[in-house]
1. At 7 Å along the Cα-to-beta-carbon direction for both residue 95 and residue 69, put a label point, then send me their distance in nm to one decimal.
2. Sort 109-115, 129-135 by packing, meaning the average of other beta carbons within 10 Å per residue, with the highest value first.
3. Using the Cα atoms as the points, what is the convex hull volume per residue of segment 84-141 in Å³?
């Protein structure tokens with residue numbers, strides 16, 4: 001299944017995905033190092049898309065990331081850190097702009113727009129991206145919205161963000177299980 005098809009399917013079930021943290025992700029080996037693919041989610045209280053500019057108004061202070069089986073890693077970091085790290089590393093988002101699905105909650109069903117993201121910047125409580133429309137409306141506005149950003153592979157080493165999150169999650173789970 002192509003990523004675009006996966007993203008369209010994810011957008012169709014936005015509310016369920018956010019609450020269940022389900023995503024299609026795959027693990028792969030690269031140079032003997034375990035790689036885990038992550039999907040990022042950014043939420044906002046309002047959104048406008050016009051003339052190739054996406055403005056997520058009153059964006060959440062944290063960006064959520066998660067993977068799927070077998071690791072089931074989930075975590076969050078500040079949206080500012082996400083923006084600051086846009087161009088860090090090999091094949092960064094600056095080098096290879098990610099695709100994303102913008103899901104604008106609208107009655108009776110969400111409006112989904114597939115975009116390519118570039119040049120993120122925070123201005124006050126607003127997160128602004130330059131975008132190219134891949135599929136969907138070229139202009140839209142709405143209230144609550146979620147942006148599902150395409151997967152990016154990261155090493156699953158003990159000192160990576162993923163490795164630290166994995167250890168923390170396992171320790172937390174053990175503590176909870178011991179109490180029960």
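Just so you know, all these numbers are worked out from the coordinates, no wet-lab data involved. Given the structure is predicted, the values throughout are model-derived calculations rather than measurements. Using ideal geometry, Cβ is built from the backbone for each residue, glycine included, and neighbour counts are taken over all protein chains shown.
1. Reported label-point gap for residue 95 and residue 69 is 3.3 nm.
2. Descending mean neighbour count gives 109-115, 129-135.
3. Values: hull volume 5.4 nm³, N = 58.
Enclosed volume per residue, from the Cα hull, is 93 Å³.
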